[in-house]
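Since the structure comes first, as structure tokens, the remarks are kept for the end.
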Amino acid sequence: RSVSEERKATPYRISRGDRVCVSVLGEPELKVAAARVEPVGTVNLVLVKEVRLAGLTIPEAESTVTKAYQDGRFLRSPRVTITVEEYAPRTVIVSGKVKIQGRQEIPPNAGLTLKDLIFKAGGFTDTARSSAVKVTRTLPDGTQKYFILDVESGIKGRANSSSKDRKSTRLNSSHTDI
């Protein structure tokens, strides 16, 4: 699959820091606009209080809120709509043996690859081990995932190492941990 096909096939997952609007058809007093998804992954809603939305797709989040109103016996068959009004900043920290270390903001709809981020950081230094780049990814639920990528092969066209970067990712081109 191409990168653009992969992007279309992967639904957006709500993240900590997003601002969402939650509304229930026919219940205007339950509408919550510009609710910030808290660092713990929840939003505070009318009647049902805190509901965990981080890490869920929009349809999953709508089902979760629907179930919360039903389980609390507030509504029998609510029709919930959730929209993301503002996406949380996608921050990447590039550190280690690159020429320009630091924080980089990625626009919500940008399709940057790991290779693109290395180029934005001025490329690797002469002593970098670009065949073993450690990536630390913070997932929507706050847990971290670590993996090593061979960026050198991707740059030289020998392999596809164009891992899509989402949300908060820290790159380290040296062979030591961050």
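Numbers for the structure displayed
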read-out: R0 of 35 Å, Cβ-Cβ distance K115-Y87: FRET efficiency to nearest 0.05; value: 0.90
read-out: Members of K49/K145; K99/K145; K99/K134 lying beyond 20 Å, as alpha-carbon distances in this model show; value: K49/K145; K99/K145
read-out: Calculated FRET efficiency for the pair F147/K49, C-beta based, R₀ 22 Å, to 0.05; value: 0.05
read-out: Given charges at beta-carbon only (K, R positive; D, E negative), |dipole| of region 27-104 in Debye; value: 380
read-out: At most 15 other Cβ within 10 Å, DSSP loop - trypsin sites (Lys or Arg not before Pro), region 23-114; value: K31, R73, R76, R79, K99
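Throughout, read-outs are computed from the coordinates displayed, never taken from laboratory work. This structure is a prediction, so every number in the text was calculated from the model and none was measured. When we count neighbours, we look across all protein chains shown, and the Cβ atoms used for this are built from the backbone with ideal geometry, even at glycine.
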